[in-house]
Amino acid sequence: MSAPAQRPITREALVALDRADPLGGFRDRFALPPGVIYLDGNSLGALPAATPARLAEVLTREWGEGLIRSWNQHGWIDLPLRLGDKIARLTGAPPGSVIAADSTSVNLFKALSAALALRPERRVILSQPGNFPTDLYIAEGLARLLGRDHVLRLAEPEALDSSVAVLMLTQVDYRSGRLLDMAGLTAAAHAAGALVVWDLSHSAGVVPIDLAGSGADFAVGCGYKYLNGGPGAPGFLYVAPALHARLELPMTGWLGHAAPFAFEPTYRPAPGIARAAVGTPPILGLSALEVGLDLALAAPIAEIRAKSLRQTALFAQLVAQECDGLGLRILLEPERGSQVALAHPQAYPIMQALIASGVIGDVRAPDILRFGFAPLYVGFAEIWDAVQVLREVLRSGVWREARFQTRAAVT
Ligand SMILES: *Cc1c(COP(=O)(O)O)cnc(C)c1O
């Protein structure tokens, strides 16, 4: 039996959804340029309207006037753990278990290294072949550095066995948007005697996450995607409190020392997650990240999730309705984060033509057009408008023009 025919979606229906949207008020708290439909918040979140003033204050008052006194007077030294606690609230982690620091790649190196140290008799890091490249590269490099025959095995989590020290997974696949079952896979890893490192880069801020409830051992994530911390914002690292006492981190910098300003000649780790700090924290980056975190914390995650699921489903339905026969393959994961992938052999020039028309998404090799839906600032009617632009780009063939063929360094 075929599914009952759906009534066509109209722009009016989407305008009505915008009017009733409980998150609609957040749009004005972002500074988006006019004429742009921004469907790439999964790659670089939009600028919060309050960030420029906050950064100006940090620059002129805290740095310019306060100078070095601001480490104490303006609490700069506490920022990594203070923001860590805000990220903990967003990810279902207890206070004192998250630090905002370094990049996701560096935090992954720290987490993986610490996890391997807790399973000294095992040699395998298990991850999925489609995991984000930096995650795989970091694991590869760490295995080589350790020089103890560690290997990175790329397979599905079903391949868990007694040789696996660490299962390293990304909760939402960067290309397909597929969402993994954090609690179930963590339990499976633990049953096999392995630890788990979760990468929350494409899920933090947009998917309800329960780090404590799922029993995750380690997690890392990104500050510049759905957390809107700005380009190159610090990432974060979570370590389950039960592991803190035995936690051995590979980079023993002075700010992870128990008493950095005692200037002792030998390393003594700070208690808890504080030992995961390495060097001096980037205050400008952390200050911008805090504005993004405060916005994310102001919106109920259940509403963000409901809107995200609705928007991704509507986008896929609309593409099917409006772009039928135009060569797109819709890859909508039933269990997904907040993005939709459309496959087309000419993904790159098509995306360049879309961007030239004000619809910003991105491409992921070889053939994926990727559209992210950040529920705090993407409206429903914009989804209609974006799909009309997509249809026109495909129908007219404008993407064939030479100006859309040249590949830039960042796609
Ligand atoms: C975005 C992303 C990263 C980014 O790592 P950086 O160190 O910030 O460049 C890492 N892992 C995943 C899964 C990502 O999506």
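Here, each number is a calculation from the coordinates, and none is a lab measurement. The shown structure was predicted, so the numbers you read here are calculated from the model rather than taken from an experiment. Using ideal geometry, Cβ is built from the backbone for each residue, glycine included, and neighbour counts are taken over all protein chains shown.
Please sort by residue number the trypsin sites (Lys or Arg not before Pro) in region 140-249 whose DSSP state is loop and whose Cβ has at most 10 other Cβ atoms within 10 Å.
Those that pass, being in a loop and sparsely packed, are Arg148.
How far, in nm, would the chain grow between Asn72 and Leu55 when pulled straight, counting 0.36 nm per residue and subtracting the alpha carbon separation?
4.3 nm
Ignoring chymotrypsin sites (Phe, Trp or Tyr not before Pro) that are buried or in helix or strand per DSSP, and keeping those with at most 16 other beta carbon atoms within 10 Å, what is the longest stretch of the chain between them?
1-262
Which residue, Pro48, Pro260, Pro375, has the most motion in a Gaussian network model of the chain that connects Cα atoms within less than 10 Å?
Pro260
If the chain between Ala159 and Thr134 were fully stretched, how many nm would it gain, using 0.36 nm times the residue separation less the Cα-Cα distance?
My answer for the length gained is 6.8 nm.
Counting every Cα pair in the chain, what percent are over 30 Å apart?
Roughly 45 percent, once rounded to a whole number.
Under a point spin-label approximation (7 Å from Cα along Cα-to-Cβ), what is the Ala245-Ala356 distance to one decimal in nm?
6.4 nm
How far is helix 11-20 tilted, in degrees, relative to the longest principal axis of the Cα atoms in the chain, given as a value from 0 to 90 rounded to the nearest 10?
Around 40 degrees separate the two axes.
Would you please state which residues of region 63-80 a label at Asp294 would reach in this model, taking the label point 7 Å out along Cα→Cβ and a backbone N cut-off of under 20 Å?
63-66, 70-80
By how many degrees, 0 to 90 and rounded to 10, does the Cα axis of helix 79-91 deviate from the longest principal axis of the chain?
50 degrees
Quick one: net charge around Ala320, please, counting Lys, Arg +1 and Asp, Glu -1 for every other residue with C-beta under 13 Å from its C-beta.
0
For region 346-411, state which trypsin sites (Lys or Arg not before Pro) are in a DSSP loop and have at most 16 other beta carbons lying within 10 Å of their beta carbon.
For trypsin sites (Lys or Arg not before Pro) across region 346-411 that sit outside H, G, I, E and B with at most 16 neighbouring Cβ atoms in 10 Å, the list reads Arg407.
So, R0 is 45 Å and r is the distance between the beta-carbons of Ala20 and Val151; what FRET efficiency does that work out to, to 0.05?
The calculated FRET efficiency here is 0.30.
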